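Bear in mind that the values in this text are calculations on the coordinates, not laboratory data. Only a predicted model underlies this, so the values are computations on that prediction, with no experimental measurement involved. Using ideal geometry, Cβ is built from the backbone for each residue, glycine included, and neighbour counts are taken over all protein chains shown.
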Amino acid sequence: MRFEPDPVMLGHNQFIGVSHLSQDAGRTREERFSDVARAGEVIAYSVSQGVRGMMLSTHPRARDILDYLKAEGLALEMNMYPLIPYAQGYVRRMNAVGLTGMVREILGQASLKTKADIALYGSLGYLKRDLRRLLGAFVDIEMLLFKDFNVKAVFLHDAFVDLSLALGAGEEVLSFSDHVRRRYGAEPGFVTMNFPLLVRSFREWGIERPLVMTTFNSAGFQMNPSREACERALEEGDASVVAMSTLAAGYLRPAEAYDYVYSLPKIDSVVVGVSTVEHTAETFSIIRERREGAARAG
Amino acid sequence: MSEDIKAGVVGLGKMGVAHLAILNAIDGVAVVAVAEKQRLVRKALGSVLPGVNLYSDYERMLGSEDLQAVFITAPTALHVRVAQDCLERGLDIFVEKPLGLSGAEARHLAPLAAGNDAVAMVGYCKHFVETFREAKCLLEQESLGRPLYFSSHMYVSQLFTVGSGWRYKKESSGGGVLNILATHLVDLLLWYFGDVSKVSCFTRSHYSAEVEDFVHAYLDFEEGPSGSLDASWSVRGYRLPEIKIEVQCENGSLTVTEDYLKYNLDTDGSSRTLYKQDLFEPVEVYVGGAEYTREDRHFIDCVKSRRTPETDIACGYGVQAVTDAMYASAEAARLVEVVPL
């Protein structure tokens, strides 16, 4: 059966202090959303506008957001799309305590809190012998946060996808795919900044119609190796595509941005980062209009 | 089409893995061997890239493989030793920054590279970030006039507990946030303003027992401006490492970070901000940062055409001489003259 992502997903970057426009902007957002109710207000309004999908990484603030959704009775109205692992957190810990220190810390943490929930496949010594099981255990640890939610798909972070693509690590990608399907009954998804390379590699690895979140914007920002190559891969490839960075990280105005996105063929969904109710209303009204226009045009 | 350059990688930490992945994906180069001490890491790599020969010892790798170029991405304390062994065998090298633990340690590398006609590059990757490159062009044009004064920082929110690993041991890192991280900022300042004559520096530790967590310095450039450098890995609110340089020039001012470049001109009162989106150039493969792909491509092109790389050993020396003087100044609590290598 064809997997169909929600046509619009709420992004999470703005809620966790991330801005790809500038770190200054990120810090402003970090302050604004330190009160989780502010994020909750934007999410609740989006749900009232018919948005059902939400991306969320396992940033420390994710737990607060998820708790809020539960408390407000929004949890079951939404489809969650976890983005794992929380790569930047790992990089910082790795810089602070080293690679093995980080692995030990993560596994140690999980086994203390949630031994029963996770099949840790035995001791660290055993894990050391098997990279794929280690990756599976990492996925399970990150997924604990989402256990009371509807998880429609699980996205692997671009840091890992792009590394796997460059290394040609097909087996690892397949093992993530199997694990997500088997253990969570969810669709495996892949975030990438190298869309044409992904289409080519996945075809070689025998992965059919993958769910891919990747950059599409009229500025060509982060579209590697070129905007044209990405558009061609979209046309010729057989992927279910969720467009991200559609505003090129806040650089484009929504009207011109969505004119471009909905002029493309085969975009199944867009992920949208909105920070205020006013901004949400404006953005979703433009998206609705452009989507309907694209649907009419066939 | 010319043949692929056969390359080896020494050390599979974060940067080793990033370079390995990029080199594996781009044309014109093939990684045929990797040396890495940790068995777990070798094993993981073996299952991903079965065609690459794995060694626990880099000397055995150099002895057994027919390589043309080596990427040295081991902890800083090993850089000079590995670089020397490679250069003595006539191999081209890419060394991650910083070049070594001190200038004295690295002093013999440049003559060795020159004597063996080797291409040698140091991984000062900020040269390959669009905004910093654009700032260099603007500073070279006449419109802003002579730079008079600057302030600059490099911060990341990384260390708020006691750190562990080679980065926090003086004998393996050569120093703390200055040598490990802020050498990127020193490199940019040297690229923009030329040679430094004198420095005055203060350091402070709180989380690290052996190395500095905070640096505050004043740099006086020989024929350029003077100004301040602040660096720390224990500042809150910096999810990613951030460099910011603000320059006051005769006819205006310029501010540059990884994300944007802003300048004002007194002559016509104009002000302009260029975001990285304005300056964006795609790369053949993206792994963790476009600048890594660009610097690897630059190195491979230089190896093929036997050109001197933009960030060569002289560039590594320049940074080393300034950081040496900064550490000396902090220790002696006085102004110190920079001695060129």
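Worth a mention:
- Length-normalised contact order of chain A in % [C-alpha pairs under 8 Å, at least 6 apart]: 19
- Antiparallel bridges, percent of DSSP beta bridges restricted to the range A:160-271 (to nearest 5): 0
- Sequence-separation-based contact order of the range A:33-85, relative, with Cα cut under 8 Å and 6+ spacing, percent: 47
- Three-way shape label, the protein assembly as shown, alpha-carbon gyration tensor, a/c 1.5: prolate
- Basic side chains Lys and Arg get +1 at the Cβ, acidic Asp and Glu get -1 at the Cβ, and with that the dipole of chain B about its Cα centre reaches some 1100 debye.
- Rounded to the nearest whole Hz, the Karplus-based 3J(HN,Hα) values (6.51 cos²θ - 1.76 cosθ + 1.60, θ = phi - 60°) of the range A:194-211 follow the sequence 10, 4, x, 5, 5, 4, 5, 5, 5, 4, 4, 7, x, 8, 8, 6, x, 8, with x at glycine and proline.
- The range B:188-341: C-alpha gyration tensor shape, a/c 1.5 cut-off, then a/b vs b/c: rounded
- Between helix B:76-88 and chain B: long-axis angle, C-alpha atoms, 0 to 90°, nearest 10: 60
- Under 5 Å, built H, 5+ apart or other chain: amide partners of B:Lys198: B:Asp220, B:Val338
- Set A:Lys152/B:Lys14; B:Lys14/B:Lys37; B:Lys126/B:Lys169; B:Lys126/B:Lys262 screened for pairs whose C-alpha atoms are more than 21 Å apart: A:Lys152/B:Lys14; B:Lys126/B:Lys169
- Global geometry of chain A, whether rounded, prolate or oblate, following the gyration tensor of its Cα atoms and the 1.5 cut on a/c: oblate
- Reported to the nearest whole Å, the Cα centre-to-centre distance from the range B:12-30 to the range A:27-89 is 36.
- Dipole of the range A:45-99, positive end: most advanced residue of A:Tyr90, A:Ala62, A:Ala75 [Cβ charges, Cα centre]: A:Tyr90
- Residue mean of other protein chain beta carbons inside 10 Å, B:234-245: 3
- Arranged from fewest to most other beta-carbon atoms within 10 Å of their beta carbon, B:Tyr286, A:Tyr68 become A:Tyr68, B:Tyr286.
- Per residue of peptide A:188-198, the mean number of Cβ atoms on other chains within 10 Å of the residue Cβ is 2.
- Dipole of the protein assembly as shown [Lys/Arg +1, Asp/Glu -1 at C-beta], most positive-end residue of B:Ala33, A:Leu145, B:His19: A:Leu145
- Distance from the range B:264-341 to the range B:207-238 (C-alpha centre basis), Å: 16
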